[in-house]
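This report refers to the structure that appears directly beneath it.
Throughout, read-outs are computed from the coordinates displayed, never taken from laboratory work. The shown structure was predicted, so the numbers you read here are calculated from the model rather than taken from an experiment. Note that each Cβ is placed from the backbone with ideal geometry, even for glycine, and that neighbours are counted across all protein chains shown.
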Amino acid sequence: SCQVDLVKDGGHIYFIKFLDSMEAYPEQRAMAAFVLAVIVDGHRRGQEACMEAGLIHVCLKHLQSSCPNDSQTEPLFLQWLCLLGHLLFLHWVPFLMWDLIHVEVLVAMKNVTMMKSLGLKLV
């Protein structure tokens, strides 16, 4: 599929850089956001590659810096940024939450082991 080919060839990097370019027109950046949304939609490797390349930071940067009167602010661009951010969070939040829970469990287990080795009783 095109998702696999784009990620395999590093095409996602090109579109992330283009999305982050202030020299491109907002309409063109909206198209880049669309392509990236296609890359991450239901494609685990595409999601991983885009997250590793910092796509979420690029999206958040542009969403946080957008002003209604700014010439670089284009409603279509903002809509695609929101959709792209949604797709990234939709697929990654459950995994991130699981990672946090896993870390908390490991820390708790380490604390229990340490307390037992010190001869302390668990309450």
- [ ] Lys and Arg at +1, Asp and Glu at -1: add these up for the other residues within a Cβ distance under 12 Å of residue 39 and post the number.
- [x] -1
Task: Radius ratio Rg over Rh of the range 2-93, counting only Cα atoms, Kirkwood formula for Rh - done: 0.95
